[in-house]
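One structure is given here, and the rest of the page talks about it.
Since every read-out is calculated from the coordinates, none of them should be taken as a lab result. All values reported here derive from a predicted model rather than from experimental measurement. Ideal geometry is used to build each Cβ from the backbone, glycine not excepted, and the neighbour counts take in all protein chains shown.
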């Protein structure tokens with residue numbers, strides 16, 4: 001979350017900025033060379049923050065993505081089901097682009 005700062009003329013991140021990890025099962029065609037296709041990345045950000053997330057909020061704040069570390073899991077990592085040991089959010093995206101929350105044990109199905 002960031003707030004407008006007149007001194008720097010831009011949004012400044014809140015000192016309470018948080019980092020989180022989410023796990024996604026994506027349909028074919030969402031990745032190119034192991035990375036999210038830009039419009040698909042934007043679809044996931046809209047899912048997280050709402051359709052108008054880039055426009056800011058009524059209190060003068062705005063969501064700021066300072067870093068987005070996306071990584072395609074290897075077959076070995078998928079077999080290890082690392083997300084089961086976390087308390088992080090898990091999502092499945094269907095071919096139409098609908099994002100649904102799933103239980104961690106359903107992610108690899």
Please give the direction-averaged projected area of the C-alpha convex hull for the chain, in square nanometres with one decimal.
8.4 nm²
Report the label-to-label distance for residue 28 and residue 66 in nanometres (one decimal), using points 7 Å from each Cα along the Cα→Cβ vector.
3.9 nm
Roughly speaking, what is the stretch gain from residue 101 to residue 80, that is 0.36 nm per residue apart minus the C-alpha to C-alpha distance, in nm to one decimal?
5.5 nm
Only helices counted: for the chain, with every DSSP H run of 4 or more residues adding -39500 (n - 2.57) and the sum spread over all residues, [θ] at 222 nm is -4500 deg cm²/dmol
